[in-house]
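Only one structure is covered here, and it is reproduced in the block below.
The values are calculated or read from the model by the stated rules, or taken from the named source; none is laboratory data. Fair warning: this is a prediction, and the values are worked out from it, not measured in the lab. Cβ: placed from backbone, ideal geometry, glycine included. Neighbour counts: every protein chain shown. With ligands, DNA and RNA removed, areas are computed over all heavy atoms of the protein, side chains included. Shrake-Rupley method; radii C 1.70, N 1.55, O 1.52, S 1.80 Å.
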Amino acid sequence: MRERLSLWAVFCLIVAFLPSHTESVAVMSVDLGSEWMKIAIVKPGVPMEIALNKESRRKTPVAVCLKENERLFGDGALGVAVKNPKVVYRFLQSILGKTADNPQVVQYQKHFPEHQLQRDEKRGTVFFKFSEELQYTPEELLGMILNYSRGLAQDFAEQPIKDAVITVPAYFNQAERRAVLQAAHIAGLKVLQLINDNTAVALNYGVFRRKDINSTAQNIMFYDMGSGSTTATIVMYQTVKTKESSTHPQLQIRGVGFDRTLGGFEIELRLRDHLAKLFNEQKKSKKDVRENLRAMAKLLKEAQRLKTVLSANAEHTAQIEGLMDDIDFKAKVTRSEFEALCEDLFDRVPGPVKEALAAAEMSMDEIDQVILVGGSTRVPKVQDVLLKAVGKEELSKNINADEAAAMGAVYQAAALSKAFKVKPFLVRDAAVFPIQVEFSRETEEEDGVKTMKHNKRILFQRMAPYPQRKVITFNRYTDDFVFYMNYGDLSFLSEQDLKVFGSQNLKTVKLSGVGSSFEKHSDAESKGIKAHFNMDESGVLILDRVESVFETIVEEKEESTLTKLGNTISSLFGGGNSDPTANMTEPVTDEEEVAPETGKDQEQSEKQEESAQEKPETEEGKEGEPQAEEQKDNKEDKAETQGETDAEKVEKPEEKSDGEKAEEKEADKKPKPLKKSKISEDITAELEVNDVLDPSTEDMEVSKKKLQDLTDRDLEKQEREKTLNSLEAFIFETQDKLYQDEYLAVVTEEEKEQITGKLSETSNWMDEEGYAAGTKELKEKLSELKKLCKAMFFRVEERKKWPDRLAALDSMLNHSSIFLKSARLIPESDQIFTEVELKTLERVVNETMTWKNETVAEQDKLSPTEKPVLLSKDIEAKLSLLDREVNYLLNKAKFAKPKPKDKAKDKNSTSTENSKANSTEDAEKVIPPESNDAEKVKPAEEPPTAEKEDEKEPILELNPAENTDTESTESSKSENHKGDEL
């Protein structure tokens, strides 16, 4: 009994610590393309699944429509774009994080002349002027779309979601990445990571083919042509050993090439302009169709359809009813005409491939296969030109071109979330653009002339892996100074790309407190000013902190032989370093220090930069990934070695010789050993942004409130429409019910007239003023009608339930009576039920029979218009009581053992049998659930080439400890979602 109570206490404790059902454990990903977005979710029991939108489609247009009283998203917004393009905003990705004079902003204005793009004088960026009172930045509009994507994911997952991984193009610079993070912050999303879309595709590909990855490197090129841009990425797959000596598959980005404006949208614009030219040539109207924004929006929609059809057909007829001035348009376009229109675009197809090979310093012979990604790679001419450029026999299409990025990103989201456990797949992403630190200082030449010397230190070279931390030490400053964080050599970009790229200067860092730190520690030796940099998982560069480091020499306290022996034993048993401040003064192990400048001229500096670049790069925060060894000062190494020697000396004091004792006595006469101690002082760093100013905290709060007000307005509108529809439906349905026999039978004439009159009154009110009424008034009208009709509906529902409920009660009474008779016929010698148990069942059967007969008889005396006394809930209660009593006896009979006939048997054997019976009883009470392959957690979609072993062992599992529980009960199986949230 005591054991059962303790188990019950443990169970209650576990339940107490279970999270509530409202707590979210699901995560999502958004593959944010320039034209389309794909959303994927992971939740307990549903790993890696694409979330459907309200139209049950797997992809959603990145578009938002801002009407005067409502917002529309996705397909709803596109529907309005044809009629009123001024209020629909699309292709926002191309103007994120860019100043007003950027070529892509200028190009956007040409593509969408219906929008009023204004310059933000404070930040230098642009905003959309919707009206005199309303204006929206690209980040705010993107925030609306991200918030909508979150809503779709939550509806699909049926639970709240806040954590997300969002894809961005690999060529996004620092300003563009920060803009996406700002949009997500406005939308209320917690971004676990911004993942490059090509990296997400590569991860998705590798996850489903992990059995094909081994220690031999495989190089695969992913060629992704989407709607707005094209990217070629070279990825190396192989298994690597981690510091835990385990082996995991890894992908490493080796090279990236891109074309920012080569994509399906540019092709569609060419076709649109061609169709406009054909319409003008038909001369059915004196007006130029290109000056009619609505007509051009219709032509763009037809061009999108035409591009898709011509990918599979040699020719097609474009046709639009009422294109302009009620004039229909019809024209035939051939594939050869289409290819001639886009000839210069197709010539740019090999460009990203060459750039990627150059960045990776590889040749096409080293690439095992080229895989197509993105919707625009379905254009036959693109495939023909690409195949010729790569020189392969064929282009691989063994990946879902539309959904691979979303599925890879959601796998990463599950890996970053604490709620799920996934099989490790190491990811080493690469920074496309190099970043360096620049500073100037005064130097004195040999002839005594002082000059200013400009220095550069490379932080992250091109294609450097991240996340990663770096440290730069400034050795020759004793007072406050300034340094700059800028992009490095961008000569690999074309002149046009450089213009689009924007400012090559990132931030100016002004340090204060350097001089005071030197005054404070004037008796200590300076080890320089150390600046700690971090390129995080999202590829965003952050200056973590700046500190002034000093080193002093202090006398080392003399330790007794006993203390030394204790420390030695402690270290042998995992005691570690006895210095409590060691972790505070030593740099973190995953930081790589860029070599400081020690030479007198620039050549020596450059040599050191090159040597620093050759050092192994490290990654931060990736558990299980290779880490570079911690760099230590040579003098510290010597000190540690000396400490080890001392420890060795005190290990075996009994083995010392007379000569050693003499040496020890001589050593005691020598001065006490000295120890070096590090001191660090934080330096204040003031950062000034040089590329694109971030919005201030106040501006962000204003944006969040602006979007929240729009969301509240939308929710209020939806609630009002829902209430209005419910009121209309209730009026029509109830009026119809009053003509049905089952309702006429339960209402009096007076009650019927009252209900009919109220329904007519409300219907007239609806026609006159109801459609302009507020939500509160509509709810009051609906509540009033429901209250009036409640009694009628109750009587009808009860009469509907009686036949089935009474039949079930009769059946239960019959079976209970038969069971009771059978139990009483059991001989006394074999009787397993006590008299009390049998009498209890008999009493319940008799009471139930009496209640049923009396209540049914009383109900028969009542009129159908009166309140019934025979209630379905009472019948169910009687059924439940009978069922409980019978099941109790049945379970007792199930586990009972026959009484031994030979009473002279050994008591020990009897007790043994009883114990076996108890163990059997326990075993039968707790039956392990049968394994059901259909209930195992598996990926939502898996390519046909996946290994059978992968099917047996899912790549994404639920994290909590229920996976190791091999004897879970049926009840725990039904509550599986609780365990998932542990």
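Figures for the structure shown
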{"item": "Estimated distance in nm for a label pair at residue 830 and residue 116, the labels positioned 7 Å out from Cα along Cα-to-Cβ", "result": "9.6 nm"}
{"item": "FRET efficiency for residue 101 and residue 735, using Cβ-Cβ distance with R0 set to 56 Å, rounded to 0.05", "result": "0.30"}
{"item": "Rg/Rh ratio calculated on Cα atoms of the range 86-224 (Kirkwood radius)", "result": "1.06"}
{"item": "The range 232-320, relative contact order in percent, only Cα pairs under 8 angstrom and at least six apart counted", "result": "21 percent"}
{"item": "Subset of 287/330; 821/852; 284/332; 737/776; 190/397 violating a 23 Å alpha-carbon distance limit", "result": "737/776; 190/397"}
{"item": "Hz values of 3J(HN,Hα) by residue in the range 534-546 - Karplus curve (6.51, -1.76, 1.60), Gly and Pro given as x", "result": "9, 9, 7, 4, 8, x, 9, 7, 10, 8, 5, 6, 10"}
{"item": "Among 478-491, 860-873, the order from most to least packed when residues are scored by Cβ within 10 Å on average", "result": "478-491, 860-873"}
{"item": "Two-decimal ratio, the range 719-869, of alpha-carbon radius of gyration to 2.2 N^0.38 Å", "result": "1.68"}
{"item": "Greater than 24 Å apart at Cα, pairs in 211/423; 38/722; 801/867", "result": "38/722"}
{"item": "Net length gained if the chain between residue 726 and residue 793 were fully extended (0.36 nm per residue, minus Cα distance)", "result": "22.4 nm"}
{"item": "Fully extended contour minus Cα-Cα distance, from residue 418 to residue 478, at 0.36 nm per residue", "result": "17.1 nm"}
{"item": "Cα→Cβ-extended label distance, 7 Å offset, between residue 396 and residue 527, nm", "result": "4.8 nm"}
{"item": "FRET efficiency, residue 216 to residue 75 (Cβ-Cβ, R0 41 Å, nearest 0.05)", "result": "0.30"}
{"item": "Percent carbon-and-sulfur accessible area, the range 349-402, ignoring ligands, DNA and RNA, probe 1.4 Å", "result": "43 percent"}
{"item": "Extended-chain gain in nm, criterion 0.36 nm per residue less alpha-carbon gap, residue 495 and residue 709", "result": "72.7 nm"}
{"item": "Residue 786/residue 702 FRET efficiency (R0 60 Å; Cβ-Cβ; nearest 0.05)", "result": "0.90"}
{"item": "Karplus 3J(HN,Hα) series, Hz, for the range 685-699 with 6.51 cos²θ - 1.76 cosθ + 1.60 (x for Gly, Pro)", "result": "10, 9, 9, 10, 6, 10, 8, 9, 4, 7, x, 5, 4, 5, 5"}
{"item": "Violating pairs (Cα-Cα greater than 21 angstrom) within the set 110/298; 43/717; 98/499; 470/507", "result": "43/717"}
{"item": "Two-decimal ratio, the range 35-120, of alpha-carbon radius of gyration to 2.2 N^0.38 Å", "result": "1.33"}
{"item": "Selection of trypsin sites (Lys or Arg not before Pro), the range 71-123, meeting DSSP coil and at most 10 other Cβ within 10 Å", "result": "122"}
{"item": "Cleavage-rule hits, GluC sites (Glu not before Pro), the range 306-380, DSSP coil, Cβ neighbours within 10 Å at most 10", "result": "361"}
{"item": "Chymotrypsin sites (Phe, Trp or Tyr not before Pro) within the range 712-768: DSSP coil, no more than 13 neighbouring Cβ in 10 Å", "result": "739"}
{"item": "Kirkwood-based Rg to Rh ratio, the range 455-558, C-alpha trace", "result": "1.10"}
{"item": "Spacing of the two label points (7 Å from each Cα toward its C-beta) at residue 336 and residue 286, in nm", "result": "3.8 nm"}
{"item": "Per-residue HN-Hα couplings for the range 818-834 [Karplus 6.51, -1.76, 1.60; θ = phi - 60°; Hz; x = Gly/Pro]", "result": "5, 5, 5, 4, 5, 5, 6, 7, 5, x, 4, 5, 9, 5, 10, 9, 7"}
